[in-house]
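A short write-up of the structure that comes next.
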Amino acid sequence: MLKTHFWVNLLTISSLGFWLFLKSETFHWYLTDENIYYLLARNLGFATLPYRDFFYANPPFLLILLKISGFLFHWQVAGLRIIPIGAVLVSSWSIHRLLKRQIGLLLAIPLWIFLFSYISLRASTHATGINVTLMFIFLAYLFVREGRTTWGAVAFSLGLLTKFYSITALPALLLGVFLVGGPDRKKKILVFAGIVGVSQILLAVFGTLLGGKAFWEMNLWYHLAKPESASNDFVAVFSRLFDRNVMSFLVFLLCLAFGGGSLLALKRQGKPLRPPSEIRAWFWVGGVNFLTVLLFLAIQKRVFDFYFLLFLPSIIFLLGGILWFGTQIEWGEDLRKRFALHGGLLAISGFLLLQPILPMNWRVMMRDPQSSPVAYWDHERRNLDELVEWGKKLDFPPGTTVFGDSATTPLFVLGTDFKIALNEADTNSMRFRAGYPPPEEFIQRLEESRVNMLMVRTSLRADGKETLNGMFLIQEFGEYLKKEFQPAASLEMNDRTKVYLLARKPVNE
């Protein structure tokens, strides 16, 4: 048994080591929404608070974590990456603890799905909150499994204080408390629900005191008012994710075949097919979590790729239960067949999951560029460091105010002496299309503040023409840009993306 534990621990540590090696490519700035969170976290303070002083459509805990990390590491990208990287490591440790005793070395497959699925690997160092949310959810499951209901409730409450979509795990967690709670299960359910309820009441009171009506507008009504998007409906996003994560689906099907074959072998050996209570709990919890996330996605007007990561707890538990059957087969004194079967399953799973990670010309499968339009390494190399370096060389007075594209402007301000206009880093087009606030009202505020500059990001279309991105596709902002501003500097970041810094036109124009 000790020898088995050693190999299981070694396999987990080796997997995490390889994951960290891959993520060593991430210590640079990205072209993502995480830059919004970084700038909001840096500006966070007693004089600049969410809801009251700037738009923030989430609970505040993620900003607090990023504020601490940024302060400790002087807002360097490597230090800020500690939050999502640390969250993934804690989640991996939780998965290891949850599955190790029951399925041994086979826990590597659910762990690899968590670490190396395309969508998971790609998002695992983005500081937008999904990694921290999953960390608290996995910790909550672990604490519940170990009978530490209070700690489970605290962990889950912290998840809700990070992102509200953590709520998708609540039914499965309550079911978990019921299934493993023993004679005191009713009391434990009340304790769990009570702690979670109190945390949300405190958040509501704190948010209302801080932002009043704005807290509810940003955290409730805005999400309900988000405009629909054909490219972001459930079917479109699932189709896109299936193409990029097809190897993970194949691994899941392989495990299903392994589990089905194991059931037949157990039946031939005359062994009971009904799993013990803990394994049955995995199936119940995984199934309920799956249905809850599916319902959550079905009611969303816009579905984002990272929402599908909320299925990961379901996949982990369901795979764990399926693989358990393979650990119950009697092999007699000759264990070579077991090693061959389990080792072969691990080898094939690892081979499949490696395919999207490898450069295109190294792959055995997925060699058609259309089947994997955005390779992992291509994504990691979407480097924005040059934007910061370019900004430092520009000759403008310190404190010059700038406003614009939500993916680039916050990072530009974070790395230079420019100042974000109106403290508004989150300028995603959805908030303006939803009316929080209407574009005309926001433009009036910009004019009252006499914002000095705008930052615009353009993309090159297939016909060779440049097109605006984000908020400047909204008619009012596009007209405001053309009427009041003119190009002052530009940076061509790659063959398809360009950034413009625009200054106000002279008054006589």
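The values are calculated or read from the model by the stated rules, or taken from the named source; none is laboratory data. Treat the numbers as computed from the prediction; the structure is a model and nothing was measured. No Cβ is skipped: glycine too gets one built from the backbone with ideal geometry, and neighbour counts run over all protein chains shown.
Scanning the stretch 38-60 for residues that are under 18 Å from Leu220 (Cα atoms) and assigned to a strand (DSSP E or B) returns Pro50, Phe54. Cβ separations smaller than 7 Å between residues 6+ apart or across chains give the following pairs from the stretch 203-215 residues that are under 20 Å from Gly159 (Cα atoms) to residues that are of a type in the set (Ser, Thr, Tyr): Gly207/Tyr51; Phe215/Tyr51; Phe215/Thr208. Before we move on, is Pro313 touching a residue at least 60 places away in the same chain (Cβ under 8 Å), touching a helix residue (DSSP H, G or I) at 6+ places or on another chain (Cβ under 9 Å) and not small (Gly, Ala, Ser)? For Pro313, the condition - touching a residue at least 60 places away in the same chain (Cβ under 8 Å), touching a helix residue (DSSP H, G or I) at 6+ places or on another chain (Cβ under 9 Å) and not small (Gly, Ala, Ser) - is met.
From the list Met218, Met135, the lone residue that is in contact with a strand residue (DSSP E or B) (Cβ under 9 Å, 6 or more places away or on another chain), part of a helix (DSSP H, G or I) and either at pLDDT 95 or above or surrounded by 20 or more Cβ atoms within 10 Å (Cβ to Cβ) (or both) is Met218. The condition of being at pLDDT 95 or above, of a type in the set (Gly, Ala, Ser) and either under 26 Å from the mean Cα position of the chain (by Cα) or surrounded by 15 or more Cβ atoms within 10 Å (Cβ to Cβ) (or both) holds for only one of Gly287, Gly326, Gly344, that being Gly287. Contact map, the stretch 252-271: residues that are of a type in the set (Ser, Thr, Tyr) paired with residues that are modelled with pLDDT of 95 or more, Cβ distance under 9 Å, separation 6+ or inter-chain. Pairs shown: Ser262/Ile322; Ser262/Leu323; Ser262/Trp324; Ser262/Phe325. Of the residues making up the stretch 110-132, those that are among the polar types (S, T, N, Q), within 24 Å of Asp426 (Cα to Cα) and in a loop (DSSP other than H, G, I, E, B) are Ser124, Thr125, Thr128. Scanning the stretch 318-329 for residues that are in contact (Cβ under 8 Å) with a residue 40 or more places away in the chain and either acidic (Asp, Glu) or in a helix (DSSP H, G or I) (or both) yields Leu319, Gly320, Gly321, Ile322, Leu323, Trp324, Phe325, Gly326, Thr327. With respect to the conditions (1) assigned to a strand (DSSP E or B); (2) in contact with a Lys or Arg (Cβ under 8 Å, 6 or more places away or on another chain), Val413 falls short on a single one, namely (1). Selection within the stretch 292-314: residues that are polar (S, T, N, Q) and in a helix (DSSP H, G or I). The member of this set that is surrounded by the fewest Cβ atoms within 10 Å (Cβ to Cβ) is Thr292. Before we move on, is Ser277 crowded, with 19+ Cβ neighbours inside 10 Å, in contact (Cβ under 8 Å) with a residue 60 or more places away in the chain, small (Gly, Ala, Ser) and farther than 26 Å from Gly470 by Cα? When the stated conditions are applied, Ser277 does not pass them. Here is the figure for the stretch 467-500: residues that are hydrophobic (A, V, I, L, M, F, W, C) and either in a helix (DSSP H, G or I) or not assigned by TED's automatic domain parsing to the domain that holds Ile443 (or both) total 5. For Phe249, state whether it is without any contact (Cβ under 8 Å) to a residue 12 or more places away in the chain and loosely packed, with under 13 Cβ neighbours inside 10 Å. In short, no. When the residues of the stretch 244-284 are filtered to those that are among the hydrophobic types (A, V, I, L, M, F, W, C) and at pLDDT below 90, the one that is farthest from Ser120 (Cα to Cα) is Leu273. Restricting the stretch 415-429 to residues that are of a type outside the set (S, T, N, Q) and under 19 Å from Asp53 (Cα atoms) leaves a set whose member that is surrounded by the most Cβ atoms within 10 Å (Cβ to Cβ) is Ala425.
Which residues, counting only those in the stretch 416-429, are touching a residue at least 40 places away in the same chain (Cβ under 8 Å), over 13 Å from Phe477 (Cα atoms) and in a helix (DSSP H, G or I)? Result: Leu422, Asn423. Scanning the stretch 430-456 for residues being assigned to a loop (DSSP other than H, G, I, E, B) and buried (at least 18 other Cβ atoms within 10 Å of the Cβ) gives a total of 4.
All of (1) more than 20 Å from Leu89 (Cβ to Cβ); (2) assigned to a helix (DSSP H, G or I); (3) not hydroxyl-bearing (Ser, Thr, Tyr) hold for Phe143 with one exception: (1).
Among the residues of the stretch 436-474, those that are of a type in the set (Ser, Thr, Tyr) and under 29 Å from the mean Cα position of the chain (by Cα) comprise Tyr436, Thr458, Ser459, Thr467.
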